[in-house]
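Enquirer: Can you keep this structure in mind? I'll have questions shortly.
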Amino acid sequence: MSAMGNPDDVRPTPAAELEVLLEQWVLDDGNYPQFKARRTKRFALQLDLADSHRLRPTPHEPIGACRTGGVATYEITADVVHHTAVEGLAEDDHAVVLDFGPRAYYSGHDPAIARLRVGDRVAFKATLLVDPYDYVEMLAPLEGFPALVHTWSVDRLQADHPAGSRDGWQDQPRTSENRR
């Protein structure tokens, strides 16, 4: 990790490796045809918060992410850089963009997320996902919503195997952001 901007903010270097979960149903829906290892792919990162009620204000901790051992799961400290109520999804849905080095979004009906404000710094546990379609189809078109689609180098892909396989997973994915 290297320091950028405020010396208290620690961010991954642009070539930082991240493990990101690509769920099988996303491939089955055809949202990402020909998703292959050792290629680049453009997508946004989505956060699946483990327990949003466990969001902790952390105004003095540096931003960043640390793997916790689960598939694509991290302890993250991030700044809220965008927050909006989202009409058309469901009543009281909110979307936030959180900056922890790369930027990712979370959207849904969640009182803990609704209370966040731009400028807040929070810590939480989350799984990083390849955006299935929510960002591209519903959030990106909203006026003022930040651009989140980047080109990523996909080093490996993960396959979810049926019950009875050795551990249920094979070849965990690692991606490196390429912001060229």
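Enquirer: Residues that are at pLDDT below 90 and exposed (fewer than 11 other Cβ atoms within 10 Å of the Cβ): does the range 89-97 have at least one?
Expert: yes
Enquirer: Let me ask something additional. When residues of the range 90-146 are filtered for being aromatic (Phe, Trp, Tyr) and either free of Cβ contacts under 8 Å to residues at least 40 places away in the same chain or in a loop (DSSP other than H, G, I, E, B) (or both), how many remain?
Expert: Qualifying residue count for the region: 3.
Enquirer: Taking the range 54-66, which residues are surrounded by fewer than 11 Cβ atoms within 10 Å (Cβ to Cβ) and basic (Lys, Arg)?
Expert: Within the range 54-66, just ARG56 meets the criteria.
Enquirer: Do we have GLU87 as in a loop (DSSP other than H, G, I, E, B), closer than 13 Å to VAL122 by Cα and of a type in the set (Asp, Glu) here?
Expert: No, not satisfied.
Enquirer: Working carefully through the options GLY30, GLY69, find the one that is surrounded by fewer than 16 Cβ atoms within 10 Å (Cβ to Cβ), over 21 Å from LEU139 (Cβ atoms) and free of Cβ contacts under 8 Å to residues at least 24 places away in the same chain.
Expert: Only one candidate passes the filter, namely GLY69.
Enquirer: Do the conditions hold for GLN46, that is, is it surrounded by fewer than 15 Cβ atoms within 10 Å (Cβ to Cβ) and either in contact with a strand residue (DSSP E or B) (Cβ under 8 Å, 6 or more places away or on another chain) or free of Cβ contacts under 8 Å to residues at least 12 places away in the same chain (or both)?
Expert: In short, no.
Enquirer: Also, I was wondering about something else. Go through (1) part of a loop (DSSP other than H, G, I, E, B); (2) at pLDDT 50 or above for ALA163 and report which single condition fails.
Expert: That leaves (2) as the condition not met.
The values are calculated or read from the model by the stated rules, or taken from the named source; none is laboratory data. On a predicted model such as this, the values are computed, not experimentally measured, just so you know. When we count neighbours, we look across all protein chains shown, and the Cβ atoms used for this are built from the backbone with ideal geometry, even at glycine.
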